[in-house]
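The values are calculated or read from the model by the stated rules, or taken from the named source; none is laboratory data. Not measured: the values here are computed from a predicted model. As a convention, Cβ positions derive from the backbone with ideal geometry for all residues, glycine included, and neighbour counts pool all protein chains shown. Accessible surface areas use protein heavy atoms only, side chains included; no ligands, DNA or RNA. Shrake-Rupley method; radii C 1.70, N 1.55, O 1.52, S 1.80 Å.
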Amino acid sequence: MSGRTTGIEHDLLSANIRALGDILGRVITGQHGEATLNLVEQVRRMAKELRNAPTQTDPDALPRLIADLSLSQLQSLVKAFTLYFGLVNLAEGVERLRALRARDVRHAPAPRAESIADAIHLLKQHGVPPAAIQEWLDHALIMPVLTAHPTESRRRTILIKLRRIFDRLIDLTLGERLVLPADRQAAITAIEREIVGLWQSDDVRNRRPSVLDEVENGLFYFQTVLWDLLPLLYRETAEALTAAYPDHQWHLPPFLRFGSWMGGDRDGNPFVTPEVTVETVRLMRSAMLRYLIGCLDRLITDLSQSVQQVKVDTVIIDRIAEYRELMPDAAATLNPHYRCEPYRQLCHFIQARLQKTLHYTLHHTPRWGADPQPPRMRDIYYHSRELLADLDLIDASLRNNGGALIADGLLRDVRTNVAAFRLHTATLDVRQHASRHTTALSEILAAAGVVSNYEALDEAERVAVLSVEIRRPRPLTPSRLSHLSPATAETVETFRVMAAISEQLDPEIFQTYIISTTSQVSDLLAVLLFCRDAGLYQPGQYSQLNIVPLFETGEDLQRAPLLLDELLQLPVYREHLALRDNLQEVMLGYSDSNKEGGFVAANWALYRAQVELTAVTDRHGVRLRLFHGRGGAVGRGGGPAGQAILAQPPGTLHGQIKVTDQGEMISDRYLDPRTAHRHLEQVVNAVLRAGFPGMARHPEPEWVAAMERMAETARVVYRSLVYEDPDFLIYFRNATPVAEFNRLRIGSRPVSRRKSDRIEDLRAIPWVFSWMQSRHTLPGWFGLGSALESFVEADPNHLHLLRTMYRHWPFFTTLLDNAQMIMLKADMNIARAYAGLVPDQQLAERIFRQIENEFRRTERMICQITEQNDLLAHQPVLQRAIRQRNPYIDPLSFIQIELLKRLRAAPPEEQVELETVLLMSINGIAAGLKNTG
C-alpha cells in the first residue's frame, strides 16, 4: 500500500509514513495476494482523484465499484485503510515528539514551552512570591477522571500492538541505540511482524464489553504508563520550583491525582449494580497493591545499608520489633542475610503486610450493618497514610544518616505513588440521575409515615421535609429492604455498599457522588439524606462524600448560580459542607448542553455559569472546584486540553479542577508514556498559569455583550433545525449510522436513557459520534456562521471587534479554532452521499441544503475574522495533517454507506457479519478523523 504524502516529501514524517505504507503493502500481498493490494491501490487512487479533480472525475465511479464488491472484499479494504490510519497516527505521534525534542535543543537552556518549568518561570517573571505558590500547591487538585464512554471502539489487543510499533518507530527515528544496519533491519522486521499480527487479529470485539471489562481496560493505562510516569512529573515540578526559587523549602503535596467513573457511573446503565461496584473496588485496589508489592521487591534490593557501615534511626529498630510481634509468620520468613540490614527487614514486613492486605481485599465481602462490625486488623493497610508512615520512617532515617541521595531515588518514587494513587489507583466517582433519588425517596418516606406523596410536594415543602429528616438520628430505612421496589432497594443498597466499602475495605476510594440533571436544591438534600441513612454522613462528626450537582442543559446552567446560592443559605447543608473543608464541587456537562442548544450557546452558557458560580461561592466564603465533563469531540467540549483550560474565565480555577478523559481520548493521551507526559505537563502548565491573579486578561464588556447576542442567534438557528423542523429527525436517523450504533459492541451502556426516538432522550455520545462518522460534524459548528454573520451585518465596526476578540480573548480564540479544526474534518460531498441513504430524497435535499449553507457561511465568516484564506491556515502543520488524511478517509466513508445500505435491507440471519464489517469501518473512520466522540 502506497505511503506517499503530498507536500514536503523528504522530511522524517513523510519518510516514516512511506516506510509504514510499504510494509503494510507487503503484508497485504503476503496475506491476501497481489489482487487485494491492487484493489486497495485502485480505491485509494480513485478517492484521491475524486477529491483533487472533482470536475474531471465521475463522482459515481467509486461508489459503483464499491457496490459491486463482495463483503469479504469490503472487509479487506476496511482493514487495509484502518490499519493505515493506525500507522499514520503513530508516525504523527513520533513526529510530534521529534519536533518537541528539536525545539528543546534550539531553545535550551530555556524551559520547554508549555512545560511545568515554563509555567513556574512565567510565575516568577510576573512577581509571584514562593509563599503564594506554596499556598496554591497546598490546596491544589488536578484530577483527570477516566470514563468508559463508548467512543473507543478499538480492542485493547490492537492498542498494545500499535504501542509496540510506536516504540520501534521511536527507536528508528529518535533513538541512538540502533546505530548498526542490522539493528535497524531488526526493528523494521519487528514492525512488520506486529502488522502481520494486526492483520490476523479481530479488529472488533465479538461481544459487548461488560462493566468490569471496562474497569480492566482503564487499569491498563495505569499499569503500563501512569504508575511509572507520575513520579517523573512530580520530580520535574520539584526541580523547577527549586531552580526558580532556590531559597524556599518546598513541600510538594499530591496535587495531581486520578479518578474514574468505570464501575461507579450508574446513570442510565443498568449493568452498574452494587455488586459490580464492589468488584470494581477489588480490581482497582488489588491492582495497586500488586504493583506496590513489586515496588517493595525493588526497594529490598536497593536498600542494602548495613548497621556495620552506617547508623540508622532507632525508630526503625523499634518498628521492626513491633512488626516481629504483630506478624510472627512474616518474621519466620525473614531472610537471615538481612540480620545487619534493618531497611531490608522493615521492607520485608511492609511487603508482607501489603500481601495480607491484598488477600483481605480479594476475599473479604463488605457487608453493611454487620453486627458486630468485623474488627480492623492491625496487620493490613486500610488507609494509605499507614503505608506512608512506614515509608516515611525509612526516608527520614536515610536523610539523617547520610543517605539523602538514596532517599531521593526509588524510595521517593514509591512514596509519591502511594500519596497520589493511594491504595486504590484512582478515586471512584458514583453518579446517578436525580429522578432515581426522587422516586426512591417518595416510596421510602411514604413507608416510614413521613409524607404520603413526596413527589407531589413543591420545592419549598421538599426542602423542609428533607432538612428535618437529615437531622433526625433514627434510621429512615430498615435493615431488610424486601418491602421496597427493586429500583428503590438498589438505590438504597448503592449508598450502603459505599459505606461498607469505606468502613471495611478502603476509606479513601469514594470521594464524590454526582447527581445528573440537577435542577433544584432538593436534589442535593436527597442525596445527603441517603448518605445520613447509610452512615456516610453523621451531622457534626464526619461526611464521607462531596455531593456534586451536574448541570447539563442550557436552562440548568442558567439557573445553576441561583440554585447554588439557595443551597449555601441552608444551615443543614452548610453543616455537611463544613465537614468537607467548605469546598463545593460542581460538574458542568458539555455534551447535553451542546445537543440541547448548539455549539456556540453551550460554550457561552458554560462560560457564564463558571463566572457566576465563582461569584456565589466567593460571597458565601466557600471554595469552588469545577468538574468539566468534556468529551473528545468538539461537539462534546473536546479540543487541546491546555488550551481549553486557559480559555476558562479568569479567576475561576483556584488550583482546583477535574476533567473527564473519555473514550478514545484515553488511549490517545495515555497509551504511550512520552505522549502522556506531554499531555499532563501541558495540563499542569495551564492550571498553574490560570491559578494566579493578573496572569490572564479579563474580557472587555463589549466582548461579553457580543457573545450574548451571538449565542442567542446561534441557539435560535440551531434549534430551528434540530428541534423545530419535524423532518430533521427522519434525516438524522437515516443519513447517519445512529440507528445501528446501539447494535455495535462498543460500550456497556445503552444509547438512550429511555426507550424513545426523540433527540432529547438520545445520549450525547451517539449524537456526536454519528455526525462525525457521516462527515457532517454538525455539533461542532452549526449555528456559528449565522451568529457571526448576523452580528457583523448589524454594524460594520463589529468585524473589527470580532477580530480583536479573536486576537486577545482565549475563550473566543479557542471557540473559533475548535470550530475550524472540526470543520476541516467535515466533507460536504461525502455528507451528501450519506444524505442519499434517506428514503425521501426531497426531504433529504431540503435538510442537507440547510446544513451545507450554514457550513459555507461559517467557513466564510471564520476566515474573515481570523484574516486567513482557508480554515486553519495559521496552523499549517495541523491543516496539512488533516488534509492528508481526508483522501484516505473517503474510501471508508463510501464503504460505510454501502454497508449501511446492505445492513438495512438484509434479513436478520445476514446482519451479524455485516455489523462486524460496519464496526470495522467505524473503527477506521474514527482512527482517521480522531477526537470522534
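Descriptive notes on the structure:
- Close pairs (6 angstrom Cβ cut-off, 6 or more residues apart or separate chains): open to solvent by 10 Å² or more (accessible area, probe 1.4 Å) in the range 141-152, at pLDDT below 80 anywhere: 149/663; 149/765; 150/746; 150/747; 152/663; 152/664
- Residues satisfying the stated conditions in the range 818-841, i.e. within 28 Å of residue 649 (Cβ to Cβ), in contact with a Phe, Trp or Tyr (Cβ under 9 Å, 6 or more places away or on another chain) and open to solvent by 10 Å² or more (accessible area, probe 1.4 Å): 818
- If you filter the range 231-253 down to residues that are in contact with a Lys or Arg (Cβ under 9 Å, 6 or more places away or on another chain) and of a type outside the set (Phe, Trp, Tyr), you find that the one that is most open to solvent (accessible area, probe 1.4 Å) is 235.
- Considering the conditions (1) closer than 30 Å to residue 222 by Cα; (2) more than 36 Å from the chain's Cα centre (by Cα); (3) hydrophobic (A, V, I, L, M, F, W, C), residue 411 is excluded by exactly one of them, (2).
- Filter result for residue 413 (within 29 Å of residue 507 (Cβ to Cβ), assigned to a helix (DSSP H, G or I) and without any contact (Cβ under 8 Å) to a residue 24 or more places away in the chain): no
- If you go through the range 232-251 and pick out every residue that is aliphatic (A, V, I, L, M) and within 16 Å of residue 122 (Cβ to Cβ), you end up with 4.
- When the range 159-215 is filtered for residues that are open to solvent by 50 Å² or more (accessible area, probe 1.4 Å), among the small types (Gly, Ala, Ser) and under 23 Å from residue 97 (Cα atoms), only 186 remains.
- Lone unmet requirement of (1) part of a helix (DSSP H, G or I); (2) touching a helix residue (DSSP H, G or I) at 6+ places or on another chain (Cβ under 9 Å) for residue 793: (2)
- Among the conditions (1) at pLDDT 95 or above; (2) surrounded by 18 or more Cβ atoms within 10 Å (Cβ to Cβ), residue 766 misses just one, which is (1).
- All of 45, 18, 26 fail the test of being within 25 Å of residue 186 (Cα to Cα), open to solvent by 80 Å² or more (accessible area, probe 1.4 Å) and not polar (S, T, N, Q), apart from 26.
- Some residue of the range 791-810 being open to solvent by 10 Å² or more (accessible area, probe 1.4 Å) and within 20 Å of the chain's Cα centre (by Cα): no
- Residue in the range 216-226 that is in a loop (DSSP other than H, G, I, E, B), among the acidic types (Asp, Glu) and either open to solvent by 50 Å² or more (accessible area, probe 1.4 Å) or free of Cβ contacts under 8 Å to residues at least 24 places away in the same chain (or both) present: no
- Residue check, residue 585 at pLDDT 95 or above, open to solvent by less than 10 Å² (accessible area, probe 1.4 Å) and either part of a helix (DSSP H, G or I) or touching a strand residue (DSSP E or B) at 6+ places or on another chain (Cβ under 9 Å) (or both): yes
- Exactly one residue among 367, 385 is open to solvent by 20 Å² or more (accessible area, probe 1.4 Å), out of contact with any strand residue (DSSP E or B) (no Cβ under 8 Å at 6 or more places or on another chain), under 30 Å from residue 277 (Cα atoms) and at pLDDT 95 or above, and that residue is 385.
- Residue match in the range 843-853 (condition: under 31 Å from the mean Cα position of the chain (by Cα), part of a helix (DSSP H, G or I) and of a type in the set (S, T, N, Q)): no
- Selection status of residue 709, farther than 22 Å from residue 812 by Cβ and surrounded by fewer than 19 Cβ atoms within 10 Å (Cβ to Cβ): no
- The residue of the range 676-697 that is nearest to residue 125 (Cα to Cα), among those that are surrounded by 21 or more Cβ atoms within 10 Å (Cβ to Cβ) and of a type in the set (D, E, K, R), is 689.
- Check on residue 641, at pLDDT below 95 and within 28 Å of residue 844 (Cα to Cα): no
- Residue check, residue 460 free of Cβ contacts under 8 Å to residues at least 12 places away in the same chain, part of a helix (DSSP H, G or I) and exposed (fewer than 15 other Cβ atoms within 10 Å of the Cβ): yes
- Failed item, numbered, when residue 673 is tested on (1) over 23 Å from residue 806 (Cα atoms); (2) surrounded by 19 or more Cβ atoms within 10 Å (Cβ to Cβ); (3) under 27 Å from the mean Cα position of the chain (by Cα): (2)
- Lone qualifier among 520, 511 - being under 28 Å from the mean Cα position of the chain (by Cα), surrounded by fewer than 23 Cβ atoms within 10 Å (Cβ to Cβ) and under 15 Å from residue 435 (Cα atoms): 520
- Restricting attention to the range 70-117, the residues that are free of Cβ contacts under 8 Å to residues at least 12 places away in the same chain and aliphatic (A, V, I, L, M) total 6.
- Of the residues 258, 220, the single one that is more than 28 Å from residue 137 (Cα to Cα) and within 20 Å of the chain's Cα centre (by Cα) is 220.
- Pairs with Cβ under 6 Å, 6+ apart, first in the range 25-44 and in contact (Cβ under 8 Å) with a residue 12 or more places away in the chain, second surrounded by fewer than 18 Cβ atoms within 10 Å (Cβ to Cβ): 27/196; 37/29
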